[in-house]
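The next block holds one structure in the form of structure tokens; read it before the comments.
We did not get these values from a lab; they are worked out from the coordinates using the rules stated. The shown structure was predicted, so the numbers you read here are calculated from the model rather than taken from an experiment. Reconstructed Cβ throughout: ideal geometry from the backbone, glycine too, with neighbour counts over all protein chains shown.
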Amino acid sequence: MDTKKFLIGTVAGGITYFILGYLFYGVLFVEYFESNLGSATGVFKTDDLIWWSLILGNLAGAGLLAYIFLKWAHISTFMSGLRAGTAIGLLMTLSWDLIGFGTSNILNLSATLMDVVIGTVMTAIAGGAIGAVLHAKSDAGHAEA
């Protein structure tokens, strides 16, 4: 596996995840999630976010996609990354959210399902971004040859 492509894909996907996370969870759907909490209280850190943790978490998710794309799936276009990101995002987010719903009182069912939709969209777009930069790096490599 090409380490440089992996790192570039991870950074591109991590930035994409970070921006989309802010857009969806910090701007567009903040009121929706606030009004659809479960019975647990004080579980969200709205003012005291731990930024290093957010950044590393986004990079880890993007790294997973970049690794799968490079090592096993050989994905190197925006559309193939978008499609793979959609499937991976749906299955992973559905898994995490349904387990979370079954074991905690953080979100109600409506917010749990909305989080699946948002997580799927975010992973699809991050997958597309990763595929696009992998494609660009592939084209650059061919141009040099």
Q. Karplus couplings for the range 68-79 from phi (6.51 cos²θ - 1.76 cosθ + 1.60, θ = phi - 60°), rounded to Hz, Gly and Pro as x?
A. 4, 4, 7, 7, 10, 9, 6, 8, 8, 9, 4, 5
Q | Note, ³J(HN,Hα) from phi for the range 47-53, Karplus 6.51, -1.76, 1.60, rounded to Hz, x at Gly and Pro | A | 10, 10, 5, 9, 5, 4, 5
Q | Note, ³J(HN,Hα) from phi for the range 28-39, Karplus 6.51, -1.76, 1.60, rounded to Hz, x at Gly and Pro | A | 5, 10, 4, 5, 4, 5, 4, 8, 10, 6, x, 7
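Total Lys pairs in the chain closer than 17 Å by alpha-carbon, pairs eight or more apart in sequence or interchain only? Please report the intermediate quantities before stating the final value.
On the way: Lys4/Lys71; Lys4/Lys137; Lys5/Lys71; Lys5/Lys137; Lys71/Lys137.
Taking the chain as the scope, the lysine pair count is 5.
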(Q) Relative contact order of the chain, please, whole-number percent, based on alpha carbon pairs below 8 angstrom and at least 6 residues apart. (A) 39
Q.
Between His74 and Asn108, what is 0.36 nm times their sequence separation minus the Cα-Cα distance? Round to one decimal in nm.
A. 8.4 nm
Q.
Compute a Gaussian network model of the chain, connecting alpha carbons closer than 10 Å, and tell me which residue from Leu70, Leu49, Leu59 fluctuates the most.
A. Leu49
Q) Zone of Leu37 (label point 7 Å along Cα→Cβ, backbone N under 11 Å): which residues in the range 103-137? A) 106-107
